[in-house]
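Only one structure is covered here, and it is reproduced in the block below.
The values are calculated or read from the model by the stated rules, or taken from the named source; none is laboratory data. Source: prediction; values computed, not measured. Glycine also receives a Cβ, built like all others from the backbone with ideal geometry; neighbour counts cover every protein chain displayed. What goes into the accessible areas is simple: the full protein's heavy atoms, side chains included, and nothing from ligands, DNA or RNA. Shrake-Rupley method; radii C 1.70, N 1.55, O 1.52, S 1.80 Å.
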Amino acid sequence: MDPEAGTNRTAVAEFILLGLVETEKLQSLVFVLFLLAYLVTVGGNLSILAAILVEPKLHTPMYFFLGNLSVLDVGCITVTVPPMLGRLLSHKCTVSYDACLTQLFFFHLLAGMDCFLLTAMAYDRFLAICRPLTYSTRMSQTVQRMLVAGPWACAFTNALTHTIAISTLNFCGPNVINHFYCDLPQLFQLSCSSTQLNELLLFVAAAFMAVSPLVLITVSYAHVVAAVLRIRSAEGRKKAFSTCGSHLTVVGIFYGTGVFSYMRLSSIESSDKDKGVGVFMTVINPMLNPLIYSLRNPDVQGALCQVLVGRRLLT
C-alpha cells in the first residue's frame, strides 16, 4: 500500500503546464498575441477606471460598479496571462505546487466576485428603470459599498474553501496539466484520491456563487423588460434598452463560458475546447468588456477623450 495514500500530503512538488501550443513557431506567435491582448486589456480597463474617476458625470452607481468590474478584469487576466508569458519566454513549462494553488485561489476569488458584481449591476438597472423615484435612496453610497464589500467576503470564502479542499487531495503522478493555467477540473483529473467530495463542494458552491446570481439577474431583467415595454415612446424604449444591452452581453459571455468549463468535470482528459474556453474566460472577456461598455456610451467616450487628450484641449 502506498504510504502517501493515507495522508493529506502530496508527492508531486510541481506540475507541468502544456500550454496552448507545442511547436516553437506557434509559441512565439502565441506570446506576441497574448502580450498584445494583455496590454490592450490592462490599458482599456485602466482608461475606463481613470475616466470614471475624473469625470463628475460618471460618479453614479452604474459607473461605480463598472469601475469595480474593470479592476476585476485587470486582476483576472493578470492572474493567468503573465505567468504563461513567463513560461513561454523561459521555455520552462513547470509550475510549483504552491504557485498552482495560489493561482487557483486568486482565479476563483476574482471569478466569484464577477458573478456577484454582475448581479449588483443588474439590480442597479432594475432600480433605475423600475423604481426611479426611490432610486437615489435605495442605491445610496452605503448600499453601493455593501454590494461590493459583501461579495468580496463571499468570494474570498469560496476561493479559500476550494483551495483548502484541493490541498487535501493526494497527487502521486502524473503531473501534466493539458492547459495554460491551474484550475479545479484539471487538478481533479490528476488526483490519485477520490474527488467526489470536492466535486460536490464545487457543485454546491456553483449553485450559490453562479446559479443564484444568474436567477436574480434574470428576474431583474424580466421586470426591466416589462417596464420598458410599457413606455409609449419608441425613443424612450430604445434609450432604456441601450443602458442594459452592454451588461446583458457581458453576462451572456461570462456565464456561457463558465457553464462549459465547470459542467464537464466527468471528462477524462482536457481537450483543446477546454483551452479555447479558458482563453475566452481569462483573456477575451476582460479585453471585450471595455469595448462593450464604451463603444455605444457617449458619456464614457467623452470622459475617455478627457483622459487621453486632456481637459484643456476640450475646453
Can you name the number of the only condition in (1) in contact (Cβ under 8 Å) with a residue 12 or more places away in the chain; (2) out of contact with any strand residue (DSSP E or B) (no Cβ under 6 Å at 6 or more places or on another chain) that THR94 fails? (2)
Of all residues in the stretch 82-93 being touching a helix residue (DSSP H, G or I) at 6+ places or on another chain (Cβ under 9 Å) and in a helix (DSSP H, G or I), which is most open to solvent (accessible area, probe 1.4 Å)? LEU89
Could you please let me know if ALA234 is more than 24 Å from GLY278 (Cα to Cα) and not aromatic (Phe, Trp, Tyr)? yes
Taking LEU110 as the residue in question, decide whether it is touching a residue at least 24 places away in the same chain (Cβ under 8 Å) and more than 22 Å from PRO83 (Cβ to Cβ). no
Under the condition of being touching a residue at least 24 places away in the same chain (Cβ under 8 Å) and among the β-branched types (Val, Ile, Thr), which residue from the stretch 26-64 is farthest from THR282 (Cα to Cα)? VAL54
Among the residues of the stretch 106-148, what is the count of those that are open to solvent by less than 60 Å² (accessible area, probe 1.4 Å), farther than 21 Å from CYS182 by Cα and of a type outside the set (Lys, Arg)? 21
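Could you please give the count of residues in the stretch 35-81 that are of a type in the set (Asp, Glu) and outside any helix (DSSP H, G or I)? Walk me through how you get there before you give the answer.
First pass over the stretch 35-81, keeping only residues of a type in the set (Asp, Glu): 55, 73.
Now restrict to residues that are outside any helix (DSSP H, G or I): 55.
Looking only at that region, the number is 1.
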May I ask you to list the residues in the stretch 131-148 that are in a helix (DSSP H, G or I) and either over 21 Å from PHE241 (Cα atoms) or within 28 Å of the chain's Cα centre (by Cα) (or both)? TYR135, THR137, ARG138, GLN141, THR142, VAL143, GLN144, ARG145, MET146, LEU147, VAL148
Output the residue which, of all residues in the stretch 26-73 that are over 25 Å from LEU248 (Cα atoms) and of a type in the set (Phe, Trp, Tyr), is farthest from the chain's Cα centre (by Cα). PHE31
Working only within the stretch 151-200, note down all residues that are in contact (Cβ under 8 Å) with a residue 24 or more places away in the chain, of a type in the set (A, V, I, L, M) and under 21 Å from CYS76 (Cα atoms). ALA155, ALA159, LEU160, ILE166, ILE177, LEU184, LEU187
For the stretch 149-168: of the residues being hydrophobic (A, V, I, L, M, F, W, C) and surrounded by fewer than 19 Cβ atoms within 10 Å (Cβ to Cβ), which is nearest to PRO213 (Cα to Cα)? CYS154
Being out of contact with any helix residue (DSSP H, G or I) (no Cβ under 7 Å at 6 or more places or on another chain), open to solvent by less than 10 Å² (accessible area, probe 1.4 Å) and touching a residue at least 24 places away in the same chain (Cβ under 8 Å): is that true of CYS100 here? yes
In the stretch 244-281, residue nearest to GLN186 (Cα to Cα) [restricted to those that are of a type in the set (Ser, Thr, Tyr) and at pLDDT 70 or above]: THR257
